[in-house]
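Student: Just passing along the structure, written as C-alpha cells.
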Amino acid sequence: MKRRPCSLLSLSTRILASSIIFIFGNTVYLGWRHHADTESQTGSVARQLQNFRGISKEIAVKQSSILENATLLDRDHSASAESFSACLLVNDENPRLPEWLAYHYHTLPLRSIIVAVDPNSRSSPKDILSRWTTMGMEVEIWDQDVYLPADLLRSHGICDSNVEKGCKWKHRHRQSYFVMKCMKEFKERNKSWVLLTDVDEYITFNHIHQDDPVGELIIPMNIDANDAAEARRRLPHFGEDVTILDVIKNEVDTKYGRQAFKRPCLSIPRLLYGSRESKYDANWIAMAPEGFQDEDFVTLRYRWHAMKGNPNEKVWGKVILDLSRIPAEDLKGSAKSIHRPLQRQCLADPTSYTVSLFRVNHYLDSFEAFSYRNDARSLMRKCEECYEEKGKGADWAWDDDVRKWLKSFVEKIGLDVSQELLANAGSFVDLS
C-alpha cells in the first residue's frame, strides 16, 4: 500500500484520521501513521532523510511570531481562488528554494505546490516550505512511493552517479511519473493552471528588446507575428501588481490570445543566464531593497544571458498547462518528459521566442551552486570544465527585467515577513 503524501496545509482530514498534535511555544508537531518503506536504506543520506521515511513520522512546522501574525495581503489569490499550482522535484535545493517560492508566489501567483524529494537529496525542504502555509499556500511533500509504480520503487532508490550507470534515466523516470501523478492530483482538486519547471528556472514576462531574434521561424504557425508583437508591448513590468495569470486572463480573448492559447498546454522558450558577474559593470545598479543583498539571489545577481532563440535552449522549453481543459483520462501513467508532458496536448516544438508572451529564465548560477546538488549528474556537476562549457556564450546581452521583482515583493508583503520567508536564501551549508 502506498503511503499518503505529507501535507503542510489542509490537514484537517489527516488530523481526524490518525494524527496527534503537540504544541510547545511556537512549534507545532504534526504526527500520523505511515506504512514502512519497502526499501532498506542505510548510510548518512538515509539518516538525513528519516523525516520522510518510517512507520511513524513527525513534521515540525516552526513559525515565527512574525509569520503567525502576518496579514494575508493576497487573499484574492489564495489557494481557494484563481491561482497557479506547481509540481517541483527537488534535490539539495534549499539555498535557492526560498527565492524560487517567493518569486513565483509574487509573479504567478503560486498558491499550491506539491514537492517530491529525490532520494539522493541530503537535505530536507520541509522547514522552508512550512513558512508558506501561513501565507495561504497549500504545500504537500511526496516521497517517491506516492507516485512511482511498485515495480520501480526498489530499482529507483539512491543512485551514485560516480559509480553507477543509468542514474540519469532513473531520474527522468522518477520525474515523468511524478509530473503525471502531480497533475492528476491537481486536476482532482479542480485546479487550473500548473507550472512545470525546476528550481533554477523562473517564468517571466517576455518583453521586447533590441537583441530579440530576427527572421525566426514562427511556431506555432497559426500565430501572427504582428499580433504577438502588439501583445508583448502590452506586457506589464514588476511593480505594476499584474501577474502571469492576470496577463493570461487579459489576453485570452484578444486576437493573439485566440491563437496562442488554443491548446491547454502552453510551451514556453527558455533563455540561459550565465555566470558573468555584473556588479563591476559601469551601468550596474543594485536592485535589492534594504535588508537584502543582490548576491544572495540568482535573479538579481546575474543579468547576462545567451543569444535568444538558441537552439539548445529552444528544444528544451518548459510548459504551463490549464488542467481544466485536459481530460482526466489523459493524466495516467508517466509523462513523456517535463518539457512535453502530454503528447496530445503539447506541441512537439516549443513556442518561438518572438511570439511568446512569457519566457523561462534558466540560471547556470555560480559553480558553488552548480556543484552543490547530489543528483543524477553529480559527476558532471563536479567538473569545472563542464560548467565553463555549459555557460559558454551566455554573456551575449543583458537585461534587468526580473531584477526588480524583490523590491515589488517586499513592498507588497512587508519587510519583516519578507525576511522571514527568505531566511537563508543563497546560503550554501556544507552537506558533506
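Student: Would you mind getting the accessible area per residue of segment 96-185, heavy atoms of the protein chains only, 1.4 Å probe, in Å²?
Tutor: Working: 2580 Å² over 90 residues.
Here the residues of segment 96-185 average 29 Å² of exposed surface.
Student: Also, I was wondering about something else. Tell me, what ³J(HN,Hα) does each residue in segment 322-339 have, in order and in whole Hz, if you take phi through Karplus 6.51 cos²θ - 1.76 cosθ + 1.60 with θ = phi - 60° and put x for Gly and Pro?
Tutor: Coupling constants for segment 322-339: 9, 5, 5, 10, 10, x, 4, 5, 7, 9, 10, x, 10, 6, 4, 5, 5, 7 Hz.
Student: Something else now. Express in whole angstrom the spacing between the alpha-carbon centres of segment 97-121 and segment 352-417.
Tutor: With segment 97-121 and segment 352-417 each reduced to a Cα centre, they are spaced 15 Å.
Student: While we're here: Under the √(5λ) rule applied to the eigenvalues of the Cα gyration tensor, what semi-axes describe the equivalent ellipsoid of segment 207-299? Give them in Å, descending.
Tutor: Working: eigenvalues 194, 63, 31 Å².
The answer is 31, 18, 13 Å, longest axis first.
Student: A further question follows. On a 32 Å Cα-Cα criterion, which of the cross-link pairs Lys170/Lys392; Lys181/Lys407; Lys126/Lys382; Lys126/Lys170 come out too long?
Tutor: On the way: Lys170/Lys392 28 Å; Lys181/Lys407 36 Å; Lys126/Lys382 26 Å; Lys126/Lys170 24 Å.
Lys181/Lys407, as the Cα separations exceed 32 Å there.
Student: Then there's this: Among rounded, prolate and oblate, which fits segment 191-239 when a ≥ b ≥ c are the square roots of the eigenvalues of its C-alpha gyration tensor, a/c under 1.5 means rounded, and a/b larger than b/c means prolate? Each step should come with its number before you reach the end.
Tutor: Details: a/c = 1.66, a/b = 1.43, b/c = 1.16.
Prolate, because a/c is 1.5 or more and a/b exceeds b/c.
Student: Another question about this same structure. Ranked highest first by average number of other Cβ atoms within 10 Å, how do 361-367, 388-394, 254-260 line up?
Tutor: Working: 361-367: 20.7, 388-394: 15.0, 254-260: 17.6.
The peptides rank, most packed first, as 361-367, 254-260, 388-394.
Student: Can you give me the distance in nm between label points at Glu201 and His237, each placed 7 Å from the Cα along the Cα-to-Cβ direction?
Tutor: According to this spin-label approximation, the distance is 2.8 nm.
Student: When a/c is below 1.5 the answer is rounded, else prolate if a/b is larger than b/c, else oblate, so apply that to segment 150-285 with a ≥ b ≥ c taken from the square roots of the Cα gyration tensor eigenvalues.
Tutor: Values: a/c = 2.16, a/b = 1.41, b/c = 1.53.
Note, shape of segment 150-285 comes out oblate.
Student: Provide the per residue accessible area, probe 1.4 Å, for segment 289-432, rounded to a whole number of square angstrom.
Tutor: 44 Å²
Student: So if R0 is 41 Å, what FRET efficiency would Gln293 and Ser324 give, r being the distance between their Cβ atoms, rounded to the nearest 0.05?
Tutor: E(calc), rounded to 0.05, equals 0.50.
Student: So if each residue of separation counts as 0.36 nm, and I subtract the Cα-Cα distance between Asn424 and Lys255, what length gain in nm does that give? Before the final figure, lay out the partial values.
Tutor: Working: separation 169, 0.36 × 169 = 60.84 nm, distance 4.46 nm.
Full extension from Asn424 to Lys255 adds 56.4 nm.
Student: Take each of the peptides 399-409, 85-95, average the number of other beta-carbon atoms within 10 Å over its residues, and list them starting from the highest.
Tutor: Working: 399-409: 19.2, 85-95: 23.9.
My ranking of the peptides, most packed first, is 85-95, 399-409.
Student: Suppose the chain between Trp169 and Cys383 were pulled fully straight at 0.36 nm per residue; how much longer would it get relative to their current alpha carbon spacing?
Tutor: Values: separation 214, 0.36 × 214 = 77.04 nm, distance 2.01 nm.
Full extension from Trp169 to Cys383 adds 75.0 nm.
Student: Still on this structure, please answer the following. Using a ≥ b ≥ c from the Cα gyration tensor of segment 154-215 (square roots of the eigenvalues), is it rounded, prolate or oblate, where a/c under 1.5 gives rounded and otherwise the larger of a/b and b/c decides, a/b for prolate? Don't jump to the answer; show the numbers that get you there.
Tutor: Numbers: a/c = 3.65, a/b = 1.40, b/c = 2.61.
Because a/c hits 1.5 or more and a/b fails to exceed b/c, segment 154-215 counts as oblate.
Student: Could you state the number of Å between the C-alpha centres of segment 188-212 and segment 294-348?
Tutor: Comparing the Cα centres of segment 294-348 and segment 188-212, I get a distance of 8 Å.
Student: Which part of segment 244-267 falls in the paramagnetic zone of Asp224, meaning amide N under 15 Å from the point 7 Å along Cα-to-beta-carbon?
Tutor: Those under the cut-off are 253-261.
The values are calculated or read from the model by the stated rules, or taken from the named source; none is laboratory data. Source: prediction; values computed, not measured. Heads up, the Cβs are rebuilt from the backbone with ideal geometry, glycines too, and the neighbour counts pull from every protein chain shown. Protein only, heavy atoms only, side chains kept; ligands, DNA and RNA dropped before computing areas. Shrake-Rupley method; radii C 1.70, N 1.55, O 1.52, S 1.80 Å.
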